[in-house]
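For reference, the structure discussed in these notes is given below.
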Amino acid sequence: MDTTLIDQAARLLRHEATEARLRQSRAGQPVDGWDKLEQAGLPLALAAEADGGLNLDPVTILAIARAHGLAGAPWPLAGAMLAAAQQRPQDDWAAALATAEIAGLCETVLAMTLDWTQTRQQFGKPLSKNQAVQHELAIMAAETAAAGAAVGVAALALAAGTPHHAAAAKARASEAAGQVAALAHQLHGAIGVTADHRLHLFTAKLWQRRDQQGSEYQHQAALGQAALSAGSVWALATAETPSEAPAGDTTADRFRFPAVPETPARAALRADVRAFLAAELASIPAETRAHSWNGHSPDFSRLLGARGWIGMCWPREHGGQKRSALDRLVVIEELLAAGAPVAAHWIADRQTGPLLLKLGTPEQQAHLPAIARGELYACIGMSEPGAGSDLAALSTRAHRTADGWRIRGTKLWTTFAHKAHLMLLLCRTGDGVRHEGLSQLLVPMDTPGISIRPIIDLMGEHHFNEVHFDDVLVPAHALVGAEGAGWAQVMAELAFERSGPERFLSTMVLLDLLVAALGPDAPAAAHAAIGRLTAHLIVLRQMARGMAALLAAGEDPALEAAIVKDLGATFEQAIPEVARALLPLIPSPPASLLATLDATIQIAPMVSLRGGTREILRGIIARGLGVR
C-alpha cells in the first residue's frame, strides 16, 4: 500500500472537484480538470508497467477510488483505469472500483449530515440533540462503516482471485448506498431535496453507483445460488485463497477496519479446528447446537483447553500459547459457526483472563492456567435491578474494612453465575457519582454470604441469575487494577465483548441447515435472500478481523465494536425470518430444521439485548461521531 500516493491523490481530487464542477456534471455539461488527473498518472494506476502503467496494488488502487468518491469527483476515473488495463479481469475490477467510490461517497454524505444536524436548530436546540436523530445517524454510520469494510473485502478478493467475495463487497456497498442516501435526505428535511443544496450532488452519485456493475439484487441472487451450490453459506464465506500479504487500510479515517487476509498458517488452523469439531459434535443435534455459546459443557471446554485453544494469546507462563489474536479469531469463528457448547469457559477466556493478564496481581494471575485448561469458569457482575443499560446507576457497594472489602448489593442477569468459580464484580468503592468511585473485585463464588436465585428464560432454560451479596467479605487483594478505575476498565473490557464473531455467528447453525434443506436446485426465489445474508456475513467477518488486528496492536476500537455489534444483531435476527419466508419452498422440511428454527426464533430476541441493547449501542455510536 502506497500511503504517500494515496494522500497525494486524495488532496488532488479534493482540490479539483469544486462545487462548480460538480454542478456542471450534474447538469450534464462538460467538466474540465481531467488533465490534472492524467498528469498525476491516476488513470494508469491499474495498468502494467510494461504498458506504461503504475501497476499499483489493489489496496492502493481502491483507496484512490474511495478518495474519488469522497470528493464526489465528476470524472470517469474508474473507466479510464480499466481501459488502460485490458489484461485485468474487467468485471471484478469494475465492481470493486464502484464499491470503493460508494464507500467514499457514503463517508462524505455522513459528514454533511452530521454537520447539518449539529447546526440546524429546531425547538430551540440542534437536531442532533434529538435521540431519534442520533439513532438515525448511528445507522448511517454503521452502513458507512460496512461500505468501507466492503472495500477491504474487495481488495483481498482481487489479490486472491475470489470473485464471490468481490460480488459480496459490491452487494453490501450498494445496499449501504441506498440506506445512507435515504437517511441523509430524511435528516436534512426539505432543504435536502432542493437544487440549491449540495446534498444531491453526492446522493445522485450514490444512486448511480449502486446500480453500476450490478445492483445489490443482482449480486445477491448470484451469491445465493453459489452458496446453495456449495451447500453452506459458511463454506462460501470462508473460501479464501491464503496470502502472506500484510493488512491494508482502504477505509475512511473515521472508521478503522484494516483489510486482513487469511494466511496459510491460519487456513491450516481452520482446517484442524473443523476436523476436530466434525468429530466431537457429530452426535449433538442441530437444535441443541443452535444454542451455541449458551451451551455449557465442562468436558468440551477441557477438550479445547487440552488443544491449547483457550487463552491462546496469553504467555506460556500463564498457560497460554502465545498465538495471535487473529489465530484465536479463527478458532472462535469455527466454534460458533458449528454451534459448539462453549459457555463454560467463554467469559473467562474472552474477558476475565485478558483483564487479569493486563491488570491482575500475581496472585490473581495464578488463576490463568486453570482458565486455559478449561477448568475454571467466570461470570460478570455488572447489571443490577436498578441499573441495566444505565450501568453507571449501579448501587452495589464494597466498603473497605480492616479485613478487606465487605460487599452488599444485588447483581442481575448474571450468566451462568450458578456454575462459575469467580465473578468479576463492578461495584462502588468511593464517594463519587455515576462513573466515579467504581472498582472491580475478583470474588470467589463460594464466598459465604453469596446467594444465587435462578432466572428461567422464555425457553424454560436456566442461564441467567440474580446474585445477592449479604455482607460478603473478600480480602483486600481482591481489587483488580486501580481503585476508582472500574469504569474505564469495564469500557475497555466491552471492546472484547462486543467485537467478537459471537455478535453475528450465534444463529449460523440455522442458516446452514436451511441452505442444506433447500439444496443446490432450490427455486430462484430463494437465491437473493440467501445471497444477501452471505454478503453481510462476508463483510462482518472482515470487520471482526480488522478489530482483532486493532486489539492486537493495543488500540481501543470501542466505536467500531459498537458498530459491529449493532450490525451483527440485525444480521442474526434476520436469519430466522429468512428461514420462515423460505420454508414453503422446501417440500418436506426436515424435523431438525423445524426444531432449530423454533429454538432460534426464541433465542433471537436476546441477540439485540446482550452485550448492550440496540438503543444503547446506537447512542454510543452517535457519541463516537461527536454527537452529544
Residues to consider are A155, A181; find the one that is in contact with a strand residue (DSSP E or B) (Cβ under 6 Å, 6 or more places away or on another chain) and in contact (Cβ under 8 Å) with a residue 12 or more places away in the chain. A155
Of all residues in region 292-308, count the ones that are hydroxyl-bearing (S, T, Y) and in a helix (DSSP H, G or I). 2
Tally up the residues in region 118-134 that are within 26 Å of the chain's Cα centre (by Cα) and buried (at least 17 other Cβ atoms within 10 Å of the Cβ), please. 3
Selection within region 95-117 - open to solvent by 20 Å² or more (accessible area, probe 1.4 Å) and closer than 13 Å to L183 by Cβ: M112, W116
Subset of region 309-335 [open to solvent by 10 Å² or more (accessible area, probe 1.4 Å), small (G, A, S) and either touching a strand residue (DSSP E or B) at 6+ places or on another chain (Cβ under 9 Å) or part of a loop (DSSP other than H, G, I, E, B) (or both)]: G319, S324
Have a look at G33, G53 and point out the one that is open to solvent by less than 60 Å² (accessible area, probe 1.4 Å) and at positive phi. G33
For region 348-366, indicate whether the set of residues that are of a type in the set (V, I, T), within 23 Å of the chain's Cα centre (by Cα) and farther than 26 Å from S283 by Cα is non-empty. yes
Residue count for region 28-51, restricted to those that are assigned to a loop (DSSP other than H, G, I, E, B) and of a type in the set (D, E): 1
Kindly provide the set of residues from region 484-534 that are surrounded by 24 or more Cβ atoms within 10 Å (Cβ to Cβ) and assigned to a strand (DSSP E or B), ordered by number. none
Which condition breaks for I621 when tested against (1) touching a helix residue (DSSP H, G or I) at 6+ places or on another chain (Cβ under 8 Å); (2) of a type outside the set (D, E, K, R); (3) surrounded by fewer than 17 Cβ atoms within 10 Å (Cβ to Cβ); (4) in a helix (DSSP H, G or I)? (3)
If you go through region 29-43 one residue at a time, do you hit one that is within 20 Å of A159 (Cα to Cα) and either out of contact with any His (no Cβ under 7 Å at 6 or more places or on another chain) or in contact (Cβ under 8 Å) with a residue 12 or more places away in the chain (or both)? yes
The conditions are (1) over 24 Å from the mean Cα position of the chain (by Cα); (2) under 21 Å from V133 (Cα atoms); (3) buried (at least 17 other Cβ atoms within 10 Å of the Cβ), and G189 fails exactly one of them. Which is it? (3)
Of everything in region 404-427, what is in contact (Cβ under 8 Å) with a residue 60 or more places away in the chain and under 27 Å from the mean Cα position of the chain (by Cα)? Give them in sequence order. T415, F416, L424, L426
Whichever residue in region 410-443 is assigned to a strand (DSSP E or B) and among the basic types (K, R) and, among such residues, is surrounded by the most Cβ atoms within 10 Å (Cβ to Cβ): K411
Just for region 192-216: of the residues that are without any contact (Cβ under 8 Å) to a residue 24 or more places away in the chain and among the aliphatic types (A, V, I, L, M), which one is most open to solvent (accessible area, probe 1.4 Å)? V193
Of the residues that sit in region 293-323 and are under 16 Å from G500 (Cβ atoms) and touching a helix residue (DSSP H, G or I) at 6+ places or on another chain (Cβ under 6 Å), which one is modelled with the lowest pLDDT? W293
Determine whether region 275-291 contains at least one residue that is open to solvent by 10 Å² or more (accessible area, probe 1.4 Å), under 22 Å from H421 (Cα atoms) and either out of contact with any Pro (no Cβ under 9 Å at 6 or more places or on another chain) or assigned to a helix (DSSP H, G or I) (or both). no
Collect the residues in region 352-364 that are surrounded by fewer than 19 Cβ atoms within 10 Å (Cβ to Cβ) and either out of contact with any His (no Cβ under 8 Å at 6 or more places or on another chain) or within 17 Å of V474 (Cβ to Cβ) (or both), keeping them in residue-number order. K358, L359, T361, P362, E363
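Do you know which residues across region 59-94 are more than 23 Å from T18 (Cα to Cα) and either assigned to a loop (DSSP other than H, G, I, E, B) or open to solvent by 30 Å² or more (accessible area, probe 1.4 Å) (or both)?
Of everything in region 59-94, those that are more than 23 Å from T18 (Cα to Cα) and either assigned to a loop (DSSP other than H, G, I, E, B) or open to solvent by 30 Å² or more (accessible area, probe 1.4 Å) (or both) turn out to be A83, A84, A85, Q86, Q87, R88, P89, Q90, D91, D92.
The values are calculated or read from the model by the stated rules, or taken from the named source; none is laboratory data. None of these values were measured; they are calculated from a predicted model. Ideal geometry is used to build each Cβ from the backbone, glycine not excepted, and the neighbour counts take in all protein chains shown. These accessible areas exclude ligands, DNA and RNA; they are computed on the full protein's heavy atoms, side chains included. Shrake-Rupley method; radii C 1.70, N 1.55, O 1.52, S 1.80 Å.
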